[in-house]
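Reviewing the structure listed below.
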Amino acid sequence: MLRFETAGESHGECLVATLTGLPAGVPVSVEKIDRELWRRQQGYGRGGRMKIETDRVRIVAGVRHSHTIGSPIALILENKDWKNWTEALPVESQPGSEDKKRPVTRPRPGHADLAGVLKYDFRDARYVLERASARETTARVAVGALAKQFLEQFGISVLSHVVAVGPARLERPAAWEELVALSRKDEVLLNCVDPETEARMKEVVDRALRTGDTVGGIFEVVAHNVPPGLGSHIAWDTRLDGRLAQAVVSIQAVKGVEIGEAAAGAASFGSKVQDTIHYDKKERRFTRGANRAGGLEGGITNGQDVVVRGMLKPISTLRRPLESVDLVTREPSEAAYERSDVCVVPAAGVIGEAMVAIVLAQAFLEKFGGDSLGETKRNFEGYLEQVRRY
Ligand code: EPS
């Protein structure tokens, strides 16, 4: 089974991740991982922290001579900001280190601060926010980049684009080729396929910047060239739509998820929502009238693009802080503010890609197995032959 874990505090030494279960022989490019890390750092409306960090991965286990060797892969991602926090967050207490703490006692509405201190019985939200922070997603993106390199071996690609920033919304579907073009750009504004809509999105971010506010939005992740048959209808926890939803909702600040055209479907009629089935006799294959189901029926991929949207609430650290209560005095007090991002929707899309790629790679390996890439490929080819002959 493909599984991963991450550890690390936002201002600690580094983030670490392990990924276990990739077969041996998968080509790994560190440059490709770094490119994904770079993409996660982009977008109009990011804050001061991104000027400090230049994320790069260091692989310390599981990859030798540019290929996986079947063992757990271990990744390290350095926090450059650590040098400013060494005394505030030491592993071992030193004489006087209590005074060097940077306590957070005015919890931010919407952040994990208050719920976390109550749960872990802390008098200071520092340890909670250190781990709840979206800095952790750097590790997820690095793991996702490995999952992508595995899927690439089977012709599967996962990309994203931004559908909405606050009220500014893309009103047309995006073609796959447009997502490919976006992913190759070396300057990222809001990662929208339509320049006119992107300009309106930028205006929304500018307004939030001016007023000390933050803004959320919607990103769409598309997995292209996915074979039919990943996931299963047989049990609640094998349904791939449910697993993708959990993976995407687990991203910091994501409060909602949509598969295909779920919201539009809920407001429509069955005759307008289902994707009609057709058969191309010359090509000897089934075709579909549309892809409103987002590539999933009964929790099984149906061979169309898998389309998952994440709905992101605005970041909870506001320059013009909201009402809160001081944990020490219990008096009304403005929520804490140090610095923050104003808009992170393009970055969240890249994180969404990583989570979708990981879940698809898991489902792929559950179906096709294999200890070496060659074995997985043979199993995959055999299955494709079965589908072709159907
Ligand atoms: C975050 C707060 C900010 C963001 C951070 C997420 O960090 P800092 O408190 O250091 O300014 O920049 O995002 C990242 C560090 C990142 O790499 O995306 C939070 O509290 O969630």
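Every read-out reported here was derived from the displayed coordinates using simple, explicitly stated rules and does not represent laboratory data. Everything quoted here is computed from the prediction, not taken from an experiment. Cβ coordinates were reconstructed from backbone atoms using ideal geometry, including for glycine residues, and neighbour counts include every protein chain displayed.
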Surrounding charge for A247, neighbours by C-beta under 12 angstrom, Lys/Arg +1, Asp/Glu -1, total 0
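What is the fewest-to-most order of M201, M1, M50, M311 by other Cβ atoms lying within 10 Å of their Cβ?
Numbers: M201 31, M1 7, M50 16, M311 21.
Listing M201, M1, M50, M311 from fewest to most nearby Cβ atoms yields M1, M50, M311, M201.
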Partners for K202 among lysines (Cα-Cα distance below 25 Å; same-chain residues under 8 apart left out): K51, K185, K255, K313
Restricting to DSSP loop positions (anything but H, G, I, E, B) with no more than 13 other Cβ atoms inside 10 Å of their own Cβ, which GluC sites (Glu not before Pro) remain in region 182-277? E187
What order do you get for 165-175, 32-42, 337-347 when each peptide is scored by the mean count of other beta carbon atoms within 10 Å, highest first? 337-347, 32-42, 165-175
Pick from T214, T276, T68: which residue has the top mean-square fluctuation in a GNM of the chain where Cα pairs under 10 Å get a spring? T276
Expressed as a whole-number percentage, the relative contact order of the chain with C-alpha contacts under 8 angstrom and at least six residues apart is 23
Based on alpha-carbon centroids, what's the gap between region 325-380 and region 1-76 in Å, whole number please? 12
Cβ-Cβ cut-off under 12 Å around G382, Lys and Arg +1, Asp and Glu -1: the net charge is +2
Each label point is 7 Å from the Cα along the Cα-to-Cβ direction; what then is the distance between the points at Q386 and A175, in nm? 3.6
Environment charge of A336, counting only residues whose C-beta is closer than 15 Å and scoring Lys/Arg +1, Asp/Glu -1: +1
When the chain is treated as a GNM, springs tying every alpha-carbon pair under 10 Å, which of F380, F122, F269 comes out with the largest mean-square fluctuation? F269
Most fluctuating residue of G217, G294, G70 in a GNM of the chain with Cα springs under 10 Å: which is it? G70
Taking neighbour Cβ counts within 10 Å as the exposure measure, how do V60, V104 sort from fewest upward? V60, V104
Expressed in whole Å with the largest first, what are the equivalent ellipsoid semi-axes of the chain derived from the C-alpha gyration tensor as the square root of 5 times each eigenvalue? 38, 26, 18
